Structure formats: structure tokens, C-alpha cells
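*Asks:* My structure is below; once you've seen it, I'll send some questions.
The values are calculated or read from the model by the stated rules, or taken from the named source; none is laboratory data. The shown structure was predicted, so the numbers you read here are calculated from the model rather than taken from an experiment. Heads up, the Cβs are rebuilt from the backbone with ideal geometry, glycines too, and the neighbour counts pull from every protein chain shown. SASA here: full protein model, heavy atoms, side chains in, ligands and nucleic acids out. Shrake-Rupley method; radii C 1.70, N 1.55, O 1.52, S 1.80 Å.
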Amino acid sequence: MCGIVCYIGSKEATPILIEGLKRLEYRGYDSAGIAVHDGKNVHLVKTKGRISDLEIKISNLQIRGNMGIGHTRWATHGEPTDINAHPHTDEDGNVFVVHNGIIENYSILKRRLEKEGIRFRTDTDTEVLAHLISYYFDGDLIEAVRRALADVEGTFGIAVIHRESPGRIILARRGSPIVIGIGNGEHFAASDVNAMIRYTANVVPLEDNELAVVTRDDFNIMTIQAAKIVNRSITTVDWKAEEAELNGFPHYMLKEIYEQPEAVNNAMRGRIDPAEAVPKLGGIEPVWDDLKRCKNFIIVGCGTSYHAGYVGRYIFERLTDLDVDVELASEFRYRKLNFPSNTFVLALSQSGETADTLAAIREARRKGAKLLGIVNVVGSSIARETDAGVYNHAGPEIGVASTKNFTSQLVVLTLLALLIGRHHNLSYTEGAEAIRELKALPGKIKEMLFQANHIQAIAEKYYRCNNWLFIGRKFNYPIALEGALKLKEVSYIHAEGYAAGEMKHGPIALINPEMPTVAIVPQDDMHEKMINNIQEIKSRKGPVIAISTLGDREVKKIADDVIEIPRTLDYLYPILTVIPCQLLAYYCAVLLGRDVDKPRNLAKSVTVE
Ligand code: G6P
């Protein structure tokens, strides 16, 4: 949730830390700070607010130094104030710590240290780490960090520097990502590669329960518990620095909506063999023999990834003979799980670090399931902890509200379902048809994006309405959920996503002329039923914005506003119908003056439960 960035080398650390923090701001943005070592002393600057506030504070100071740590925070313990911002220090101002995660036993540790006469200044759980490290420090910083972490229960990704230990940064990880970036005569570290991608594509992710000592010219990884040296090879990420720039767009969310033709293309690139009508998914090979025998398949995820999984269930049911379930990872992990043999659990996650999704797969593994992942961030925890999986290659997604990752996840889900389906009963003709239509999707998305002005005009008509409803059926029921989520997240308008068939069981009581309904009504086998639902709303004077297939006259006659989408296969419609929902949410948020890329109280990557 929060972001960490570190630099050690021969350049000035401050601008690199600030630049990195700006790239991580989407992970948390209620306070920020840096600590820079000048070889003798450490300069600490921190503030409530955004990185821009930190920059203003720094501009009045002369901070020099070639090594430092920085943090942008999303408050869990303690209000977002100057004093609660990271880095945190010990009483003497020798130890400086930035921390992502939660120290669960912090009140016990705090009481213990207070008995020793140590005074605490903040309401955070992190401060306890600074005091503990200082307490154990006798000249050996690695040892002090190891001993402190041995006392800690909970999760952490940390970076530590010490005034008396210039020239080294100590990193450690348990449950919260830390990645080392390898430069030339310099090293970086961050909670997310986005922070370093401008400087290096060569990275080494730490695994859980590992500690790293990073100097200008070297880095060493060891286990926290036994200090056993670990050899780890360097991973090269294929994201380009310019992909993480705005490139003329006013917001990342809009840029990422417009990147969907490419993201969808990248999700299929090299994976489609038209001759055989069978996708090629190299990442699945290690489990293919088991997967062929699998009957029971469960998809888990959170937020938008959960909605992709929900569409995935319908796609799997349509193309394969599997019994498929989908569940919120945060609920699944607490269920009494009892799997038939050869059960597969598929985790969907953009970041690959969502705490609930990780906990869900760990629980599933404990109960004997095999694990698959569809993940965007290469080398992330979920990618490493699953038995096999597929990267969706959407590129960096910076906007807190997920957009391009969703559509690219749907493409990979379709490819996986096709692969399994072709092994089951799906015919060559159906497989070939699916591949043909998948390949046509990027062009169709581009066509839809030409309608952005029309969608903006619809947003202008309705953005003052305080309550919205989104309805859909079957493949597009999860799109109703996702449409409502997008609107809530970025515009703070109250919206509900409903299965259209449930209208009569409650939501219809809400319908009035001030409450617009977005009806997702492509030409599939649910069309007639959806038309009936729209009639029911219209007869109660509710405005209807319909998302329908190009040339659908029936819908045009009854809906107040229509957004048309190109024709495709029934199970591929969600990849198209979600795009007007994303744009509607975006334009409403802009019209309401919201901070689109960093909505209040949210974070891109939720690494706490
Ligand atoms: C957060 C983000 C959402 C995202 C969800 C799951 O809530 O704000 O946009 O869908 O986490 O994230 P994941 O990285 O697991 O897809």
C-alpha cells in the first residue's frame, strides 16, 4: 500500500528519491518523507500530504548526500500527520526506518521498550522498529536489524540506514515486496519496480524472510533468521520507462483506458496458433498433465480482479466442462475448504501482492489444491508462489482504478479456457472462431474509443445524480459490478451493480427520474430479458443509459442514451462493454473535480489484510 524507494551511488540522492516517490504515489498518498545520509549526518524531512508538499519543504533546505531512503504512506496505524510520516527514528536520531506492512505485536514491543526508559513520539507501529534496532545496535547494523526482526510479528518490507553506518542500506522483507534495482556503480531499491524503471530494468526481488545489504557497488542477500547467504539471479523487466509516463494524457486512468487495444494485443501475442485453434501458454506447461484431469476449478481475486474472475467463470463454463466457482479472496481464505482431488485454484491479481489473494492461495495450498496465477507484475509474490501461470503483460498500471489490466486479464482467461476447452469438447470450428474474434478485439476497442466525446456528453448530462444503478446479465453481470465499482472509486458517486433479474427483488423500489441506470444489453441470449428490465425502469420514469450492440434499434427506441459497441461473440462482449463504463466513471470524476488517479482512501496495491 505504501511505497518505499532507496538510492545509493555517486549521484545526489534527493532528486532520485523524490522522482521515485512520485512514481509510487499511487500506492499511498497521505504523507511522505526522506532521510539522506551525507557521509556524516542524516537529513530527515517529512510531511503530511502529497509528494509535492514534501518537495516544497525540501526546496527550502540544502540537502546533499549520495544515499537515502524515502516513503509515501497510506495510513494504517496513526493519523496522517507530519510526525507519523516515515522515515521513523530512534530517540537519538541514529536509526532511520521506512516500513510497509503492519507490526502486529507493536503494543507489546512498545511496552517492553518503554519499561527500558525509551520514549515514543508517534502513533505508528513502525516507530517500534527504529527503537528496537537502536536497542540492539552495537556497531553491527545487519545484526541489529536481524535481532529486531526476530522480535517482530506481522508483515514488513523495510529499508534501514544508520548515521554511524554510512555506505550501506539494509533491506528486509516478510509479506511486503522489496525489489533491488541494479545500476552501474549505484543501486536502487523500492517496493515496486515502477519507482526505478527510469534508471534500470535489472532487478532482484527479495523473497519473504530475506534481508539484503546494499552498497554502492554490491549487494548481498541472506536469510533473516540464520544469516545464510542466498544467491539470486537478476530478472530483467520488459516495461519501458515511457510506459510509466503520462505522454500528454491528463490522467493515468485515461491513458490506460486508451492503452487497451495494445494491452489486449500483448496478452495474446505469441500465444495464438490459428492452424490448431489452440492457444499456446508456455507458463501452464508445468501443470498441464494435472490440469487435463482437473474437474474442480476455483477463481479468486479482489476488487476489479475479482470481477474479471467472475466473467472468467462464465467464460470457463461456456468453453470447458469444468465445474467453476469464483470467490472473493478475502472470504475464500476463511472458508472451511474441502477440495476434491485435483482441484485448481486460480489467483487473479494485477500487482501480484494483494494480501488477501496471497493468503487465499496459501490456504488453498495447505488444503491440497494446485495453484495457478494470472498476474501482471513479473516476479511478484503471487507469480512466485503459484505452481504455474500466465503473465498478462498489460504494462505498468499506475491509475489506482484498474482498467487495462482488467481487459487483458479477460483475454488471458479466455485463452486459458480455450486451451482447456479444446482438450475437452470444444470443436475446432469454435476454437478457430474464438481466435478470429479475439484477434479482432484491439481494432474494435479502438473503434469504441472514438466515441469518447459522446460518452463525455452523457457524463455531463448525469454527473450530478447522486445514485446510479448498473445492471447486466450472465457475461455482463460482472460488468455491472465493475461499472458501479469504477464510478464509486473515482467519482465518489454512490452506485450499485446488480444482476438485472434481481431488479424486481428490491432495487426497482429506488427507481425515479434522478437515478440513472446503466443497462448493459449486448445482443446475446440475455437480450430479450434485458429489454424487459429496461421497460420496467422506463415505466417508472428512470433514465436509462444503454450499452448495446451497433445497430440495435429495439434498444434505441426505449433507452434515453445509447453507447454502441461492435458485434462480437457472447463471451467476449465484456471486453467491450466495460470500456464505456470506464469512460463514464472517468468523465464523471473529472466533472466533479476528483483526483482521478489517486482517489481518497484507496491504494493501488493493498498489501495489508
Ligand atoms: C485495490 C485496487 C484495485 C484492484 C484491487 C486488487 O483495491 O485499488 O484497483 O482491483 O486492489 O488488486 P490486484 O493487484 O490484486 O489486482
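*Asks:* Suppose each label sits 7 Å from its Cα in the direction of the beta carbon; what would the LYS336-ILE234 distance come out to in nanometres?
*Replies:* Once both label points are built, they end up 5.3 nm from each other.
*Asks:* Further question: Compute the signed sum of charges (Lys and Arg +1, Asp and Glu -1) over the other residues within less than 14 Å, Cβ to Cβ, of ALA277.
*Replies:* Surrounding charge for ALA277 is 0.
*Asks:* With a ≥ b ≥ c the root eigenvalues of the C-alpha gyration tensor of region 3-237, is it rounded (a/c under 1.5), prolate (a/b larger than b/c) or oblate?
*Replies:* Rounded, since a/c falls under 1.5.
*Asks:* While we're looking at this one, here's another question. Specify which residue in the list LEU129, ALA159, GLY175 is farthest towards the positive end of the charge dipole of region 82-183, using unit charges on the beta carbon of Lys, Arg (+1) and Asp, Glu (-1), about the Cα centre.
*Replies:* Among LEU129, ALA159, GLY175, the one farthest towards the positive end of the dipole of region 82-183 is GLY175.
*Asks:* Quick one: order TRP468, TRP239 from most to least accessible surface, probe 1.4 Å.
*Replies:* Solvent-accessible surface, decreasing: TRP239, TRP468.
*Asks:* Highest first, please rank the peptides 109-115, 519-525 by the mean number of other Cβ atoms sitting within 10 Å of their residues.
*Replies:* Working: 109-115: 14.7, 519-525: 23.7.
In descending order of packing, they fall as 519-525, 109-115.
*Asks:* Okay, moving on. Measure off 7 Å from each Cα along the Cα-to-Cβ vector at ARG111 and ASP151, then give the distance between these two points in nanometres to one decimal.
*Replies:* Output for this residue pair reads 1.5 nm.
*Asks:* Taking amide H positions as placed in the peptide plane 1.01 Å from N, state which residues far from GLY373 in sequence (5 or more) or on other chains have amide H under 5 Å from it.
*Replies:* ALA347, ALA388, GLY389, VAL390
*Asks:* Which value, in Å², gives the accessible area per residue of region 281-427 when a 1.4 Å probe is used on the protein heavy atoms?
*Replies:* On the way: 4670 Å² over 147 residues.
Accessible area per residue, region 281-427: 32 Å².
*Asks:* Quick one: pull the percent of accessible area on region 246-442 belonging to carbon and sulfur, 1.4 Å probe, ligands and nucleic acids left out.
*Replies:* 46
*Asks:* What is the extension gain from GLU79 to ASN209, computed as 0.36 nm multiplied by their sequence separation minus the C-alpha to C-alpha distance, in nm to one decimal?
*Replies:* Between GLU79 and ASN209, full extension yields 43.9 nm more.
*Asks:* While we're on this one: Skip the ligands, DNA and RNA, and give the accessible area per residue of region 3-237 with a 1.4 Å probe, whole Å².
*Replies:* Values: 8990 Å² over 235 residues.
Value for region 3-237: 38 Å² per residue.
*Asks:* Here is a follow-up. Expressed in nm to one decimal, what extension gain is obtained for the pair THR223 and ARG293 from 0.36 nm per residue of sequence separation less their Cα-Cα distance?
*Replies:* Value of the extension gain: 21.4 nm.
*Asks:* State the three equivalent ellipsoid semi-axes of the chain, derived from the C-alpha gyration tensor as the square roots of 5 times its eigenvalues, in descending order and whole Å.
*Replies:* The equivalent ellipsoid of the chain has semi-axes of 44, 27, 22 Å.
*Asks:* What order, most packed first, do the peptides 511-517, 51-57 have when packing is the mean number of other Cβ atoms within 10 Å of each residue?
*Replies:* Most protected by this proxy first, the peptides run 511-517, 51-57.
*Asks:* Which of the peptides 348-359, 581-592 is most tightly packed, and how do the rest follow, going by the mean number of other Cβ atoms within 10 Å of each residue?
*Replies:* 348-359, 581-592
*Asks:* Still on this model: Which percent of the accessible heavy-atom area of region 451-609 goes to carbon and sulfur, probe 1.4 angstrom?
*Replies:* Roughly 47 percent of what the probe reaches on region 451-609 is carbon or sulfur.
*Asks:* Could I ask something else about it? Once you charge only the Cβ atoms, +1 for Lys and Arg and -1 for Asp and Glu, what is the size of the charge dipole of region 3-237 about its Cα centre, to the nearest 20 debye?
*Replies:* 300
*Asks:* In addition: For region 246-442, report the % of Cα-Cα distances exceeding 32 Å.
*Replies:* 12
*Asks:* Can I ask one more? Any lysines with Cα under 23 Å of the LYS598 Cα? List them, leaving off those in the same chain fewer than 8 positions away.
*Replies:* LYS598 reaches LYS22, LYS46, LYS48, LYS57, LYS240, LYS255, LYS404, LYS486, LYS488.
*Asks:* Karplus couplings for region 46-54 from phi (6.51 cos²θ - 1.76 cosθ + 1.60, θ = phi - 60°), rounded to Hz, Gly and Pro as x?
*Replies:* 3J(HN,Hα) across region 46-54, in whole Hz: 8, 7, 5, x, 8, 4, 4, 5, 5.
*Asks:* Lys and Arg at +1, Asp and Glu at -1: add these up for the other residues within a Cβ distance under 12 Å of LEU141 and post the number.
*Replies:* Numbers: positive: ARG146, ARG147, ARG163, ARG168; negative: ASP138, ASP140, GLU143, GLU164.
In short, 0.
*Asks:* How far is the Cα center of region 151-215 from the Cα center of region 287-349, in Å?
*Replies:* If we compute the Cα centre of each part, the gap is 34 Å.
*Asks:* Could I ask something else about it? Amide H to amide H under 5 Å from VAL544: which residues, 5+ apart in sequence or cross-chain, H placed 1.01 Å off N in plane?
*Replies:* Residues meeting the criterion, in which the H sits 1.01 Å from N, are THR517, ASP560, ASP561.
*Asks:* While we're on this one: Please tell me which of these pairs span more than 29 angstrom C-alpha to C-alpha: LYS292/LYS446; LYS292/LYS529; LYS110/LYS370; LYS292/LYS439; LYS446/LYS557; LYS461/LYS538?
*Replies:* Beyond 29 Å: LYS292/LYS446; LYS292/LYS529; LYS110/LYS370.
*Asks:* To one decimal place, what orientation-averaged projected area in nm² is obtained for the convex hull of the Cα set of region 464-609?
*Replies:* Averaged projected area of region 464-609's Cα convex hull equals 9.2 nm².
*Asks:* Also, quick follow-up: Local charge sum around ILE299 (other residues, Cβ-Cβ under 9 Å, Lys/Arg +1, Asp/Glu -1)?
*Replies:* -1
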